[in-house]
Amino acid sequence: MQLWLLTAGLSQPERRAEQGQVLGSWFLVASEDMEARGSEDRGMRNDAGLYYEEEEEESPSERLIVVGICAMVKKSRSKPMTQIMERLCKFEFITVVIFPEEVILIEPVEKWPLCDCLISFHSKGFPLDKAVSYAKLRNPLLINDLNMQYFIQDRREVYRILQQEGIDLPRYVVLNRDPDRPEECNLVEGEDQVEVNGEVFPKPFVEKPVSAEDHNVYIYYPTSAGGGSQRLFRKIGSRSSVYSPETTVRKTGSYIYEEFMPTDGTDVKVYTVGPDYAHAEARKSPALDGKVERDSEGKEIRYPVMLTAMEKLVARKVCLAFKQTVCGFDLLRANGHSFVCDVNGFSFVKNSMKYYDDCAKVLGNMIMRELAPQFHIPWSIPLEAEDIPIVPTTSGTMMELRCVIAVIRHGDRTPKQKMKMEVRNPLFFDLFEKYGGYKSGKLKLKKPKQLQEVLDIARQLLVDIGQHTDCEIEEKKSKLEQLKTVLEMESSVNDNQYGHFSGINRKVQLTYLPNGQLKASSEEEDSERDGPSLLLVLKWGGELTPAGRVQAEELGRAFRCMYPGGQDGNRKALGCESPIDCGDYAGFPGCGLLRLHSTYRHDLKIYASDEGRVQMTAAAFAKGLLALEGELTPILVQMVKSANMNGLLDSDSDSLTDCQQRVKAHLHEIMQRERDFTEEDYEKLAPTDSSSLMNSMKLIGNPVKTCDLVYALIQSLTRQIRRKLEDPKSANLQLYHSETLELMLQRWSKLERDFRTKSGRYDISKIPDIYDCIKYDSQHNASLGLEDTLDLFRLSRALADIIIPQEYGITKPEKLDIASAYCLPLMKKIQLDLQRTHEDEAVNKLHPLYSRGVMSPGRHVRTRLYFTSESHVHSLLNIFRYGGLLSVSHEEKDEQWRQAMDYLGAVSELNYMTQIVIMLYEDNNKDPSSEERFHVELHFSPGVKGAEDEEKAPMGFGFRPASSENNAKQTDPGSLEDLSQDEPDRAAPSEPISILKKSPLIRSRKTGSMEVLSESSSTSASSSRGSSYRLFPSCSHQSPEIKTSGLEPEEEQHVTQLLRGLSSDPALAQHLHQCSYHLRLLRK
């Protein structure tokens, strides 16, 4: 509301006399000509031409307290300022005067309006020096100290004050540059770190200009995450940052370098009004994908969250330390702690009526407390507390989803390749010592600098061999050449060949062998030597492909449907009007999860092993799950936690347990017998009676003859590739993911050499690699038209279906023994996740009192996603199958369990994006000690389904067999909170809207089954195979039967006729027939 009044430009005696006639419930805009028209205006006018009559004066002696607003017009006339000042004027003895911008900029401070209390703050173009002079001249009560605002403009001073007050902030260092000699500074830049004044900051780190007015903050990412930088800036439209491939820091200007804090993609902004009041809002971090989330009115979406007791203390300290009553600052919540990373000075919350009420009340009481006694105004402090009680609410739903835990295999990748060699040269031992290999006896080299050192050693030794120097070089020349070739391929600046030392798709492992390496396969040398040596294992390939990224992103998008609400997302495109469609994420399935996440009722953490393909899968999944945009690198750095601590998701595949060694030896022995599998072999290899395993054994018959066929097919394949290389038409042919024919020939030639040893026996450990390669080429390079690939695929898959699952144990005790070695830490973590369903103080929790349009602000869903490799998925599944979840007697009697085991036995391969999902529900109406209080479901999908799988893929049975399911429906109206009832922060529809919950997937409606996932992604390349299966019996309530349209018979007949005339499209007609909004229109 824009208001004018007459008194502010008058002299002091005139003003005081005039004040006896004015209201306390209006505020003033001072002007030069007010004195002239002061006696004429008897009321107050706003832009709409409305007049407010004055009340009679109460007492000539009563004194009004004048609050002056001295700021640039953009700030003083902003909506939050207007809303708060209007409320402040409701105090009987307070009136407000706004200093005109032209007066502030042009007039000397002696001519500025008079006031008793001053609210003044710096922004762009504001003359802070004049404001300081005015305060010295008139000595008003200052709401925000003016001198301290000089410090707030310098990030160095802000950090100094924060540190001085003992407030936690990220580790940082200041780099001051002389503008005339910018090159003279104490900065040393490395590829993945920067050293400033002796302090080392590994990437990711943050680079902030020292001027708080400069919003060009850069975040630099490590090469292991893809490199580059995210460039933040003041919001322009719907962008607040952009990703840049630039990796080097800025070379001019002074900066603060600080440690990057992983906040799961969320920033918290805190707004104080005095030391005892703080309001906090969370928003999507601008560094995540740079897209500003806005509502239908174009405002940035933020949600109020609750502060912990420690954070309230921090807010008090910030308010007092900077002497800013109204003050905004930024909190980063990371690793269970809260860090202040910026202090903004005077800031108001936008679009919160409750905050406007509170802020005016706190400021009014503060002003009256200070000035009322001075001016002999009869006023006493209200008894009500100024701070707001925080009382969390409960949702009160019948069956509430509390926790979702998923263990997911990575997406489609390039073939993994590996080379082993024993090395004894002192140069390798020096490298081993340099990076601390002797501490544990093992060393993993992944950084570009480290790989370059290995490459330099290989080159040097090859030069020495070529020059026939006297020094003895025991390393085999062919192995050194292969080492050199692979590393040179990897370090190519040309990004065509698997990526250039990107840190995500190659590594060198060195293991100390005190007595040398015993010959174990054809890869090792024939002779053995005495003395210590190092086993060098070079691994390359295994990079997530573009198809893998799509699979992960699509699965993330489909995974939203695991959560209640928003599964029927086809209405908005048809212009429907219902609460679910009014949300910011309507129009596609899964807006229930996005609604939960955006309103900070979703505690999400994503973990991934240290393998690049796994981390990139996790980032792509998060992108789809949360509807993010842009590059994966910022998402990876902020959302995905590396979980290689305590072997949670990583395992050293080269260090086998004793049990694994025995199992592999047993497998090797059985598969080397040149005869058809006997009954005894079936008992030895398939004691669990797995149907997929026995089918593969029947297909193979004689394992040695099958290996002969596989070897012959590989030879045929390499010959065909060589012929294509010799053909000028295809010599430069580019294969999938920019691979070349030369590289394709290299990997197949290596498999040809390694699969059959010099003794004529087969190395069955190469079978998974053969299947890996032929599956990759069949899917991605089928356009080459190579012959016999289908036969090679079929035979190698049958062999792999025996070798791969049985490497994790043949008998049940072996499976459990090996599984515990792989994933005992993960099992303990999952158990902890299920037990800790209560909210953690470190979580961003929605504030119940400030949350308009959210029906259950106290509700919280905990999601933990673990991305890992095939070994952990096999092991975890074995624990669930054979770990005694059901007693033997129950296993035999429970029909659902037997069906689940039959289904798992029929699954031959845990393909890319295999998922094991645990869902925990709570019935709040049950006694906390009752066994019926909680309900756990276990879901499983064997991942991506290829063209060859369409006919043979086993189908899951869902929650129950269809017949029993239809007979067991219950009529409980509230098995889950319906998130579609959450109204957005905007005007509600004038007419109540009923939402018909008719789902096209009847069995999937119960509690967010994985069947929704299978159906929703069945048309894409990343679709999950078959239906899901719940392994645990369920006590969840079923949705009631719902009439298709909700109409009376005569109405239904009439509407049906109308529908036929409206649409010839069956899908549209079906929607119109079911949509309550359109049906209501048709009724009218």
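State whether the residues of segment 174-191 include one that is modelled with pLDDT under 95, in contact with a Gly (Cβ under 7 Å, 6 or more places away or on another chain) and either part of a loop (DSSP other than H, G, I, E, B) or on the phi < 0 side of the Ramachandran plot (or both). Yes, some residue in segment 174-191 is modelled with pLDDT under 95, in contact with a Gly (Cβ under 7 Å, 6 or more places away or on another chain) and either part of a loop (DSSP other than H, G, I, E, B) or on the phi < 0 side of the Ramachandran plot (or both). So which residues in segment 148-168 are over 18 Å from residue 72 (Cα atoms) and open to solvent by 30 Å² or more (accessible area, probe 1.4 Å), if there are any at all? Listed by number, the residues that qualify are 151, 154, 156, 157, 160, 163, 164, 165, 166, 168. For segment 513-539, the candidate set comprises residues that are among the hydrophobic types (A, V, I, L, M, F, W, C) and modelled with pLDDT under 85; within that set, the residue that is most open to solvent (accessible area, probe 1.4 Å) is 518.
Of all residues in segment 599-639 being modelled with pLDDT under 85 and in contact with a Phe, Trp or Tyr (Cβ under 7 Å, 6 or more places away or on another chain), which is nearest to residue 404 (Cα to Cα)? So, considering only residues that are modelled with pLDDT under 85 and in contact with a Phe, Trp or Tyr (Cβ under 7 Å, 6 or more places away or on another chain), the one nearest to residue 404 (Cα to Cα) is 600. Condition check: touching a residue at least 40 places away in the same chain (Cβ under 8 Å) and open to solvent by 10 Å² or more (accessible area, probe 1.4 Å). Does residue 140 satisfy that? Yes, satisfied. When the criteria are applied in full, residue 556 meets the requirement of being at pLDDT 85 or above and either under 21 Å from residue 226 (Cβ atoms) or surrounded by 18 or more Cβ atoms within 10 Å (Cβ to Cβ) (or both). At least 3 residues being surrounded by fewer than 22 Cβ atoms within 10 Å (Cβ to Cβ) is the threshold, and among the strands (runs of 3 or more DSSP E) wholly inside segment 289-349 those reaching it are 326-334, 337-345. Could you tell me whether any residue of segment 223-240 is free of Cβ contacts under 8 Å to residues at least 60 places away in the same chain, open to solvent by 40 Å² or more (accessible area, probe 1.4 Å) and aliphatic (A, V, I, L, M)? Checked against the condition, which is being free of Cβ contacts under 8 Å to residues at least 60 places away in the same chain, open to solvent by 40 Å² or more (accessible area, probe 1.4 Å) and aliphatic (A, V, I, L, M), segment 223-240 yields at least one hit. In the set (1) at pLDDT 85 or above; (2) out of contact with any Pro (no Cβ under 9 Å at 6 or more places or on another chain), the condition left unmet by residue 446 is number (1). Annotation for segment 687-702: no member residue is small (Gly, Ala, Ser), surrounded by fewer than 18 Cβ atoms within 10 Å (Cβ to Cβ), assigned to a loop (DSSP other than H, G, I, E, B) and at pLDDT below 90. Cβ-Cβ distances below 6 Å connect the following pairs, each with a first residue in segment 63-89 that is free of Cβ contacts under 8 Å to residues at least 40 places away in the same chain, a second residue that is crowded, with 21+ Cβ neighbours inside 10 Å, and a separation of six or more residues or different chains: 76/69; 76/98. Scoring residue 117 on the criteria (1) more than 17 Å from residue 144 (Cα to Cα); (2) in contact with a helix residue (DSSP H, G or I) (Cβ under 8 Å, 6 or more places away or on another chain) leaves a single failure, condition (1). Only one entry in 885, 910, 920, 904 is of a type in the set (A, V, I, L, M), over 24 Å from residue 779 (Cα atoms) and at pLDDT 90 or above, namely 904.
Just so you know, in segment 930-943 the residues that are among the hydrophobic types (A, V, I, L, M, F, W, C) and open to solvent by 10 Å² or more (accessible area, probe 1.4 Å) include one that is farthest from the chain's Cα centre (by Cα), and it is 934. Going by the structure shown, is residue 798 of a type in the set (A, V, I, L, M), crowded, with 21+ Cβ neighbours inside 10 Å and within 27 Å of residue 661 (Cβ to Cβ)? Yes: the conditions hold for residue 798. Out of the residues in segment 779-788 meeting the condition of being open to solvent by 40 Å² or more (accessible area, probe 1.4 Å) and in contact (Cβ under 8 Å) with a residue 40 or more places away in the chain, tell me which one is farthest from residue 709 (Cα to Cα). Filtering segment 779-788 for residues that are open to solvent by 40 Å² or more (accessible area, probe 1.4 Å) and in contact (Cβ under 8 Å) with a residue 40 or more places away in the chain, the one farthest from residue 709 (Cα to Cα) comes out as 779.
So that you can scan it fast, the table gives a plain yes or no per residue for (1) among the aromatic types (Phe, Trp, Tyr); (2) open to solvent by less than 30 Å² (accessible area, probe 1.4 Å); (3) modelled with pLDDT under 95:
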| position | (1), (2), (3) |
| --- | --- |
| 722 | no, no, yes |
| 753 | no, no, yes |
| 774 | no, yes, no |
| 808 | yes, yes, yes |
| 813 | no, no, yes |
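Quick check on segment 450-469. Is at least one of its residues at pLDDT 60 or above and part of a strand (DSSP E or B)? No; the residues of segment 450-469 include none that is at pLDDT 60 or above and part of a strand (DSSP E or B).
Scoring residue 210 on the criteria (1) buried (at least 20 other Cβ atoms within 10 Å of the Cβ); (2) of a type outside the set (D, E, K, R); (3) under 22 Å from the mean Cα position of the chain (by Cα) leaves a single failure, condition (3). For residue 267, are the conditions met, namely being in contact (Cβ under 8 Å) with a residue 40 or more places away in the chain, closer than 17 Å to residue 239 by Cβ, open to solvent by less than 20 Å² (accessible area, probe 1.4 Å) and not in a helix (DSSP H, G or I)? Criteria not met by residue 267.
The values are calculated or read from the model by the stated rules, or taken from the named source; none is laboratory data. None of the values given here were measured: they were computed from a predicted structure. Note: ideal-geometry Cβ built from the backbone for every residue, glycine included; neighbour counts use all protein chains shown. Please note that ligands, DNA and RNA were not included when accessible areas were found on the heavy atoms of the full protein model with its side chains. Shrake-Rupley method; radii C 1.70, N 1.55, O 1.52, S 1.80 Å.
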